[in-house]
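S.K.: Can you keep this structure in mind? I'll have questions shortly.
The values are calculated or read from the model by the stated rules, or taken from the named source; none is laboratory data. This one's a predicted model, so the numbers in the text were calculated from it and none came from an experiment. Here the Cβ positions follow ideal geometry from the backbone for every residue, glycine too, while neighbour counts run over all protein chains shown.
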Amino acid sequence: MAYTRTGAGKPILFLHNGGAAKEIWTEQVRALSGQYEVICLDHLGFGESDMPETGYTIGDYVARLSAFIDHLGYERISVVANCMGSTMTLLLAEQRPEIFDSLVIINPLSENTARRGIIGWIMPVVARFPKLSKAIARRVWVPRMLTNLVVVAQFGPRNWLRALRSPLPGTHVAGQGWSVRGRLASLAELFANPSMLGAVDRLRPGLDFPPFAVVWGASNLGLSPSAGRALNSTLRPDHAEFLPRCGHLPMMEAPDEVSAIIREFIDGTWDLEKTVTGETSATAR
């Protein structure tokens, strides 16, 4: 699996969402690598990582993440993750809480948050016809001239025009995977068994679970922020944020705010009286 590693200090591993690549974290690398060691991973089937025929279930991704963290060799590590990256992080933290320092979970993908978002219509079709869906996905690609649009479409609607006029850092590279024939097969296999994503909806973190914050783009169209609120009621994160105007890629849409959340939560300097980016809450487990 391909990854980048820069900076020095407390380690933070960044995990992207499906259909993207490690470059979505371009601004966080710039903001945080002077204080932390920053590692950005391309999941198998995405970005610069290999694209095998199979091995894209959420269980496969959790197992690979566990092995990758062991490979890095840290006693404990913080993780910042988006969408499917958040899913595998939460599930691994349930299995191995002792390897994590703290977590910043962005737009967590679960069966419920997916079904109640725009991508919800895809899931029943893929689950009903998994082999056909994967075969089609292996033959479909997006023309390179349109890949930026695929990334921008994941932003909150009020950010579309701004991002089309002036592409945000990381947009071009993050969208390139859509132009590679076969890259969508990983998503087809991921959604073929939505009940596996339901493990996040059923998750009830215990006292040994690492400290974690959950961040949502309040204008996320792909996944449902309202379902995210319901998920927060069972996950009971230490802190929760809903970022106004942001969609599925808040690290690109509001990079300064997201970097500040990461820095303050991982450093343990979060001020509960301060709301810098919208709705803020804290809960106790």
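S.K.: Select from region 74-87 the residues that are among the hydrophobic types (A, V, I, L, M, F, W, C) and over 9 Å from the mean Cα position of the chain (by Cα) and list them in ascending order.
M.R.: 77, 79
S.K.: Taking interchain pairs and intrachain pairs at least six residues apart, which have beta carbon atoms under 6 angstrom, with the first residue in region 191-202 and acidic (Asp, Glu) and the second surrounded by 17 or more Cβ atoms within 10 Å (Cβ to Cβ) and modelled with pLDDT of 95 or more?
M.R.: From region 191-202, the pairs are 201/110; 201/111; 201/112.
S.K.: A follow-up question, please. With the structure loaded, tell me whether residue 216 is hydrophobic (A, V, I, L, M, F, W, C), at pLDDT below 90 and either surrounded by 20 or more Cβ atoms within 10 Å (Cβ to Cβ) or part of a loop (DSSP other than H, G, I, E, B) (or both) or whether it fails that test.
M.R.: no
S.K.: Hey, another quick one. Being of a type in the set (Lys, Arg), in a loop (DSSP other than H, G, I, E, B) and either under 18 Å from the mean Cα position of the chain (by Cα) or farther than 22 Å from residue 102 by Cβ (or both) is true for just one of 229, 245. Which residue is that?
M.R.: Among 229, 245, only 245 is of a type in the set (Lys, Arg), in a loop (DSSP other than H, G, I, E, B) and either under 18 Å from the mean Cα position of the chain (by Cα) or farther than 22 Å from residue 102 by Cβ (or both).
S.K.: Evaluate the following for residue 122: is it among the aliphatic types (A, V, I, L, M) and crowded, with 22+ Cβ neighbours inside 10 Å?
M.R.: No.
S.K.: If you don't mind, there's one more thing I want to ask. Only one of 64, 76, 30, 96 is within 30 Å of residue 126 (Cα to Cα), among the charged types (D, E, K, R) and surrounded by fewer than 24 Cβ atoms within 10 Å (Cβ to Cβ); which?
M.R.: Only one candidate qualifies: 64.
S.K.: Also, I was wondering about something else. Looking for something surrounded by 21 or more Cβ atoms within 10 Å (Cβ to Cβ) and under 26 Å from residue 268 (Cβ atoms) - is there at least one such residue anywhere in region 43-60?
M.R.: no
S.K.: Filter region 225-244 down to residues that are under 25 Å from residue 159 (Cα atoms), out of contact with any strand residue (DSSP E or B) (no Cβ under 6 Å at 6 or more places or on another chain) and surrounded by 18 or more Cβ atoms within 10 Å (Cβ to Cβ), then give me how many there are.
M.R.: The qualifying residues number 1.
S.K.: List the pairs whose first member sits in region 4-33 and is at pLDDT below 95, whose second member is in a loop (DSSP other than H, G, I, E, B) and aliphatic (A, V, I, L, M), and whose Cβ atoms are under 8 Å apart, counting only residues at least 6 apart or on separate chains?
M.R.: Every condition considered, the pairs that remain are 18/109; 19/184; 20/249.
S.K.: Can you give me the ranges of the helices (runs of 4 or more DSSP H) entirely in region 134-196 with at least 2 residues that are among the small types (Gly, Ala, Ser) and either modelled with pLDDT of 90 or more or surrounded by 22 or more Cβ atoms within 10 Å (Cβ to Cβ) (or both)?
M.R.: Correct list: 171-175, 185-191.
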